[in-house]
Amino acid sequence: MKTSRKKLAGVGRTIREFRQMSGLSQDALADRMDLSAPYISMLESGKRYPSIEMLVRIAIALEVRPGAMLDRIAEGYVPDDACFPRGTGK
């Protein structure tokens, strides 16, 4: 049985926010990471989802603690009640 993973909608928005706070364009971030600007655009628009390794690389390139980026993503995440009932602390 194949299960689908729920994508976190705030990932791209968080990357964009931190990039803008760093004063970098998509092109500048892409250059700093040796990636393409269209790839950064796809991440920010939610068309692509980064691995945890890529999120850490992005955070480092933006001179942000990776944990701060993950915290911001988690702030906007609302789990399905069936998976994590509210108040369980999980």
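Quick note: the coordinates plus some simple rules give every number you see, no bench work behind them. The model shown is predicted, which means the values in this text are computed figures rather than measured ones. Counting neighbours? That spans all protein chains shown, and the Cβs are built from the backbone with ideal geometry, glycine included.
Per-structure values
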read-out: Summed side-chain charge close to Glu75 - residues other than Glu75 whose Cβ falls under 13 Å, Lys, Arg +1, Asp, Glu -1; value: 0
read-out: Net charge of neighbours whose Cβ lies under 11 Å from the Cβ of Leu43, counting Lys and Arg as +1 and Asp and Glu as -1; value: +4
read-out: Environment charge at Leu24 (Cβ cut-off 15 Å; Lys +1, Arg +1, Asp -1, Glu -1); value: -2
read-out: Pair-distance profile P(r), taking every C-alpha pair of segment 23-62, with 10 angstrom steps and integer %; value: 32, 64, 4
